[in-house]
Amino acid sequence: MLSQEFLDHLTCGNRDAAAFLFAAYDFIHVLDALFDRDCPVTADQLAETATRYSYNLLLNPFVQQHKAGLAALLFSAASGFAASETNLKGTPARDYIKSLYFELFVYVAFLCGGWRHAQEIGQKVRQYDLETGNEPV
């Protein structure tokens, strides 16, 4: 799970950006758990996650200000997930495609802290191990 400390660093203290990233990260992982059936998801957990994500997409000021860029990255992440679970299963490209949502974090870091900050964050999030779930952050 993402730490509040890392989210604060990534977003340079922008609470709206941090709330959006947490909501997106949680939503992505709950969907993946439901699809893979590798860990239980309760009805309450699904409802809470979907509500948090929906509220952030509809009402979060950071999202509203940057919706065009964020929408494009959310589309790429969703498309990458679908490809990774269908026609790319068992290929070397699978983990790369499945991890496209990492670019959402890098883009938010860019919006909050500029190019150098985004490159620093990019190095960290790209160390995530998709097989073990071992997060460097």
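The values are calculated or read from the model by the stated rules, or taken from the named source; none is laboratory data. Computed from a predicted structure; not experimentally measured. Counting neighbours? That spans all protein chains shown, and the Cβs are built from the backbone with ideal geometry, glycine included.
Here are the numbers for the structure shown:
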{"read-out": "Matching residues in region 63-78 - criterion: being among the aromatic types (Phe, Trp, Tyr) and farther than 12 Å from Tyr101 by Cβ", "value": "none"}
{"read-out": "Within region 1-76, helices (runs of 4 or more DSSP H) holding 3 or more residues that are of a type in the set (A, V, I, L, M) and surrounded by fewer than 15 Cβ atoms within 10 Å (Cβ to Cβ)", "value": "43-59"}
{"read-out": "Near pairs, Cβ below 7 angstrom, 6+ apart or cross-chain, from region 26-53 (closer than 23 Å to Ala82 by Cβ) to any residue that is part of a loop (DSSP other than H, G, I, E, B)", "value": "Val30/Val41; Ala33/Cys39; Ala33/Val41; Leu34/Val41"}
{"read-out": "Every pair of residues 6+ apart whose Cβ atoms lie under 7 Å, when the first sits in region 8-19 and is more than 14 Å from Leu70 (Cα to Cα) and touching a residue at least 12 places away in the same chain (Cβ under 8 Å) while the second is among the small types (Gly, Ala, Ser) and part of a helix (DSSP H, G or I)", "value": "Leu10/Ala109; Thr11/Ala17; Thr11/Ala18; Cys12/Gly113"}
{"read-out": "Looking only at region 1-47, and only at residues there that are within 19 Å of Arg126 (Cα to Cα) and acidic (Asp, Glu), the one that is modelled with the lowest pLDDT", "value": "Asp32"}
